Amino acid sequence: MAQEIDYEKLRLDVLTKLIDERGISCKNKKDEMIKYLILDDQDKYIRETTYVKDGSGYMIGVDLKNKDHLIQIGKLIEKKEARNLHIYADNRLQYWCKQKLI
């Protein structure tokens with residue numbers, strides 16, 4: 001059984017390193033960092049959807065827990081306006097689409 005980390009006792013630079021290692025996006029305030037690290041420990045943190053410009057469209061990275069964006073990208077795939085790249089990286093599924101998600 002894994003031990004729980006007491007984030008309150010950690011220095012700000014250590015918290016920042018943990019945030020960066022886990023790919024969490026948040027402000028550099030200690031309270032907010034601790035909140036997001038605890039959510040990530042509980043597997044409740046939803047990572048932001050990423051967009052990388054690629055030619056005439058975007059490579060879109062969607063977190064598996066982001067149900068709204070997964071549904072949107074699924075509908076775009078059905079309409080043949082997007083495609084699954086079959087890549088799972090940085091805790092996200094990767095797709096290609098000509099437009100950004102709403």
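The values are calculated or read from the model by the stated rules, or taken from the named source; none is laboratory data. Remember, it's a predicted structure, so these values are computed and weren't measured experimentally. All Cβ positions, glycine included, derive from the backbone under ideal geometry; neighbour counts span all protein chains shown.
Look at region 55-74: where a residue is in contact (Cβ under 8 Å) with a residue 12 or more places away in the chain and a partner is of a type in the set (Gly, Ala, Ser) and surrounded by 12 or more Cβ atoms within 10 Å (Cβ to Cβ), sitting 6+ places away or on another chain with Cβ atoms under 6 Å, you get 73/82. Filtered by the rule that a residue be under 30 Å from residue 83 (Cβ atoms) and crowded, with 19+ Cβ neighbours inside 10 Å, region 17-48 gives 45, 47.
For region 47-102, a residue qualifies if it is in contact with a Ser or Thr (Cβ under 8 Å, 6 or more places away or on another chain) and farther than 24 Å from residue 22 by Cα, and exactly one does: 98. Annotation: residue 42 fulfils all but one of (1) under 30 Å from residue 6 (Cβ atoms); (2) within 14 Å of the chain's Cα centre (by Cα); the unmet one is (2). Within the set 80, 53, 75, the sole residue that is assigned to a helix (DSSP H, G or I) and at pLDDT 95 or above turns out to be 75.
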